[in-house]
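*Asks:* Structure incoming, see below.
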Amino acid sequence: MAEIKKATGLMDWLDQRLAVNGFIKVMMSEYWIPKNINFLWAMGVVLMSLFMILIVSGIFLLMYYKPDIKLAFDSVNYTIMQEVEYGWLWRHMHGVAASVIFLVIYIHMFTGIYYGSYKKGREMIWLTGMALFGIFSAEAFSGYMLPWGQMSYWAAQVITNLFGGIPFIGEALVIWIRGDFLVADATLTRFFMLHVLLLPLVILLLIAVHFYALRFPHVNNQDSEEFDFDKEAKKYLEGRKKESKVVPFWPVFLSKDFFVVGIALTVFFYLVCFHYDFAMDPINFEPANNMKTPAHIYPEWYFLWSYEVLRGFFFDIGGIAAMDIGLAAFGFANVIFMLLPFLDRNTMHTAPAHKRPMFFVWFWLLLIDMIVLTVYGKLPPTGANAWVGFGATIVFLVLFVLLPIITKIEAKNEGAES
Amino acid sequence: MRELKILVVVLFFTAVVYWGVEPFAHSQMHPHVAPADFAFKDLGTNDKKGNASKGAETFLSAGCTGCHGVASQGMPSPMDDAAASASFGVVPPDLSNAGAIYDKHFLSALIKDPTKALKVEHKFNETRPHPMIAFYGLGGDLDQEVADIVAYLQSIAPIAPLSDKQVFQDACGRCHDMKYDKTMSHSDKAALTAYMGTLPPDLSIMIRAKSDEYLSTFINNPQKQLAGTSMPRVGLTEKAQNQVISYMEKVGDRKKAEREDLGYKLIGYMVLFTLLAFAWKVKIWREVH
């Protein structure tokens, strides 16, 4: 047992029992971040802030929400929105944060792709990040069902139905997921459980692993420069702060992040109070009605690109049903980002995209193609729209087939130069 | 400088996505329709000048009170709600306020040809007649007699302005519930469902489900937004329709004022936070740059 002395103060008392000083050093004041970064490096902390908002507002909503198809709609739209003091605020914050967090996730993700922060030792950061994206998607989908509005019901109907396309077990799987032959009370209750318990637990765990995965390869910088963190940290601690290439997480890195979070939350509260329809679709303010199919069924904006890949193949090819090809393409789209570190065959060289000419073109094509998919994913898939969707889907698939080839060429050219 | 360039790129792509999935997509999914027509031009006008006291006699002789009550004139509804629902599918309206909330040309057209004025010709015909029988006149000039009835209805309409809720109840409340204001329609649900083909929706938070533009064109002429719907055209004057929408907003978006007031405070708080954070950031980074 350690030798316990009379404490000189609270911190000392805690330090003798929990080693808090060492802990703070490791986690905050001597956790080193490169200095050569821009505001895109603040997206992690913005995401953390939004996630905290989701947890806190979710806890308040949980006090009044009733997971029962007969009660859910009114518990949200009457009890929470009208009866409970500031219930509307928590609901608007929850709904808007859920939508905005996906925008920030996409920015965070494309930052990682642009600066090559997914490879050469950083694979685990990328993999845990993509796992977070997947679980967040499930979290968003299950949450959208809870108010039991028209789109809650019909989106659940369409999306759970997708699993029916899986060979052999599809039909049984759909019933197993729904807990009933149709989307019904059992479905709502189990998605409620997923939304408030199982998925948040998995998310918290994944966030911890995501942060942990950062510690060894360190945070990337905007020139993807590799340097000795220990040497740079030593300079900083010796007082050569201007010369050092690193800064501590607290207070230097976070001081910048607080500023960015401040801007993000200013915009956020504007959206919460004045401009929320994009996140809280008006159609979901009509109660679920299984006799009345809405004229247009579409997912929330952040699922649109993969939804468009799903329905991009609208005609049978070589005897294979359009729906099955679509489902296969959809499956491809949902795992392919996960594999990015292994599709990039220039494994040993990390550089920002503007220093990788072919990859640079690939990056912007991918971004533009995903925006086209997103926009056309919402439009009715008729006439020319269907063909644009089909074209964009093909481009998406081809881009990922090309990635190993162009990165291989890139590696070869670099090999020839050196 | 580089940060600004990156910011512009991020904002640009965010704006394109937003424009694509919101204004653009909605304009494709819900095409614009002609604005509300409060003159009801398709029905023509009745230029005859009505005489209210003659109209009172015509009103009685025409048999209007066989179905309609006029409570303000001491004429109760001839049937109770249950019997009226069973006979007509929906409780016929009391006409005490009709002269105040419905357009007079619409009323003229309605009395002469209900299915045409209500725009429910796709639902009612000779084999399935509309419960309101067209008025073919008492033998005199039909347009004059109709104008007299309308003048009578206008003469008995209350002078004091009606509350938003009263207008809603008169115009919409026979079919639609307003659960969140504890106001239910008097028609029997089963009879109403059979009559309309589907149960008319509760309107408690319809204001959050439909845009202002949609509501104003839909109430004015339901077929414009939802071709084939069994909801009849109501014939409200512009003022009365605005009162209906304002009541729907009061019930369905009760916290609007609180939301907007708090919005400014929250934004103000965050602006202050951001300025302080910026000042602190500048101070901290001066040491390391």
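Read-outs: derived from the displayed coordinates by stated rules, not from any lab. Only a predicted model underlies this, so the values are computations on that prediction, with no experimental measurement involved. Heads up, the Cβs are rebuilt from the backbone with ideal geometry, glycines too, and the neighbour counts pull from every protein chain shown.
*Asks:* Scan chain B and report its longest stretch carrying no trypsin sites (Lys or Arg not before Pro) that are both in a DSSP loop and have at most 11 other Cβ atoms within 10 Å. Intermediate values should be presented prior to the final figure.
*Replies:* Working: sites that count: B:LYS49, B:LYS182.
Between the exposed loop sites, the longest stretch runs B:50-181.
*Asks:* Charges only on Cβ, +1 for Lys and Arg, -1 for Asp and Glu: so what's the dipole of the protein assembly as shown about the Cα centre, in debye to the nearest 20?
*Replies:* Working: 61 positive and 66 negative charges, 424 e Å.
Once rounded to the nearest 20, the dipole reads 2040 debye.
*Asks:* With only Lys, Arg, Asp and Glu charged, each at its Cβ (+1 for the first two, -1 for the last two), find how big the charge dipole of chain A is about the Cα centre; round to the nearest 20 debye.
*Replies:* Values: 30 positive and 34 negative charges, 203 e Å.
With Lys and Arg at +1 and Asp and Glu at -1, about 980 debye.
*Asks:* Applying 1/(1 + (r/R0)^6) with R0 = 22 Å to the Cβ-Cβ distance of A:ASN334 and A:ASN385, what FRET efficiency is obtained, to the nearest 0.05?
*Replies:* Efficiency, from the Cβ-Cβ distance: 0.45.
*Asks:* Cα centroid distance between segment B:251-289 and segment A:226-295, in Å?
*Replies:* Rounded to whole Å, the Cα centres lie 14 Å apart.
*Asks:* Tell me, what does the Kirkwood hydrodynamic radius of segment B:178-289 come to in angstroms if you use every pair of distinct C-alpha atoms? Please report the intermediate quantities before stating the final value.
*Replies:* Details: mean 1/r = 0.0553 Å⁻¹.
Every distinct Cα pair counted, the radius reaches 18.1 Å.
*Asks:* Here is a further query. On C-alpha positions alone, give me the angle between the axis of helix B:52-61 and the longest principal axis of chain B, in degrees, nearest 10.
*Replies:* Compared with the principal axis, the helix lies near 70 degrees.
*Asks:* Let me ask another. Going Cα to Cα from A:LYS66, which lysines come in below 19 Å? Please leave out same-chain ones fewer than 8 positions away.
*Replies:* Those lysines meeting the cut-off are B:LYS179.
*Asks:* Going through the cross-link list B:LYS119/B:LYS250; A:LYS234/B:LYS281; A:LYS70/B:LYS182; B:LYS119/B:LYS224; A:LYS245/B:LYS281; B:LYS189/B:LYS255, which pairs have a Cα-Cα distance over 20 Å in this structure? Spell out each step's value before the answer.
*Replies:* Numbers: B:LYS119/B:LYS250 29 Å; A:LYS234/B:LYS281 23 Å; A:LYS70/B:LYS182 18 Å; B:LYS119/B:LYS224 11 Å; A:LYS245/B:LYS281 18 Å; B:LYS189/B:LYS255 30 Å.
The answer is B:LYS119/B:LYS250; A:LYS234/B:LYS281; B:LYS189/B:LYS255.
*Asks:* Here's another thing I want to ask about it. Summarise the partner chain shielding of A:287-297 as one whole number: the mean count of Cβ atoms from other chains within 10 Å of each residue's Cβ. Display every interim value, and only then the final one.
*Replies:* Working: counts 5, 0, 3, 0, 2, 2, 0, 0, 3, 5, 0.
If you average over the peptide's residues, the count of other-chain Cβ atoms is 2.
*Asks:* Under a straight-distance cross-link criterion of Cα-Cα below 22 Å, which lysines are reachable from B:LYS54, leaving out those fewer than 8 residues away in the same chain?
*Replies:* B:LYS104, B:LYS112
*Asks:* Any idea which of A:ILE203, B:LEU162, A:MET370 is furthest toward the positive side of the dipole for the protein assembly as shown, if Lys and Arg beta-carbons carry +1 and Asp and Glu beta-carbons -1?
*Replies:* A:ILE203
*Asks:* Distances longer than 43 Å among the Cα atoms of the protein assembly as shown: what percent of all pairs is that?
*Replies:* 41
*Asks:* Mind checking which aspartates and glutamates have their C-alpha under 16 Å from A:LYS292, skipping anything on the same chain fewer than 8 residues away?
*Replies:* Hits, sequence-local ones excluded: B:ASP202.
*Asks:* Once the dipole of the protein assembly as shown is set up with Lys and Arg at +1 and Asp and Glu at -1 on Cβ about the Cα centre, which of A:TYR64, B:CYS67, A:VAL252 lies farthest towards its positive end?
*Replies:* The residue sitting farthest along the positive end of the dipole is A:VAL252.
*Asks:* While we're here: Please compute, for the alpha-carbon atoms of segment A:307-418, the extent along each of the three principal axes and give them in descending order in Å.
*Replies:* Sorted largest first, the three principal extents are 52, 26, 21 Å.
*Asks:* Under 5 Å between amide hydrogens, which residues at least 5 positions from A:GLY149 or on another chain qualify, with H placed 1.01 Å from N in the peptide plane?
*Replies:* Answer set, sorted by chain and number: A:ALA288.
*Asks:* Mind checking the mean number of beta-carbon atoms from other chains within 10 Å of the Cβ atoms in A:374-384? Write out the running numbers ahead of the final one.
*Replies:* Details: counts 5, 8, 2, 3, 8, 6, 3, 0, 0, 0, 0.
Mean partner shielding for this stretch: 3.
*Asks:* At 37 °C and 0.692 mPa s, grab the translational diffusion coefficient of segment B:32-252 from Stokes-Einstein with a Kirkwood Rh over Cα pairs, rounded to a whole number in µm² per second. Spell out each step's value before the answer.
*Replies:* Working: Rh = 17.9 Å.
For the chosen part, D equals 183 µm²/s.
*Asks:* Let me ask something additional. Where Rh is the Kirkwood radius over the Cα pairs of chain A, the temperature 37 °C and the viscosity 0.692 mPa s, what D in µm²/s does Stokes-Einstein return? Kindly include the intermediate steps, with their values, before the conclusion.
*Replies:* On the way: Rh = 24.1 Å.
Calculated translational D: 136 µm²/s.
*Asks:* Now for a different question. Provide a whole-number value for the mean count of partner chain Cβ atoms within 10 Å of the Cβ atoms in peptide B:82-94.
*Replies:* Working: counts 0, 0, 0, 0, 0, 0, 0, 0, 0, 0, 0, 0, 0.
The mean count of partner-chain Cβ atoms within 10 Å per residue comes to 0.
*Asks:* Using the Cα centre of the protein assembly as shown as origin and beta-carbon charges of +1 (Lys, Arg) and -1 (Asp, Glu), tell me which of B:THR45, A:THR293, A:GLN150 is placed farthest towards the positive end of the dipole.
*Replies:* A:GLN150
*Asks:* Also, quick follow-up: Might you report the magnitude of the Cβ-based charge dipole of segment B:1-156 about its Cα centre, with Lys and Arg at +1 and Asp and Glu at -1, to the nearest 20 debye? Working shown, then result.
*Replies:* Values: 12 positive and 17 negative charges, 108 e Å.
With Lys and Arg at +1 and Asp and Glu at -1, about 520 debye.
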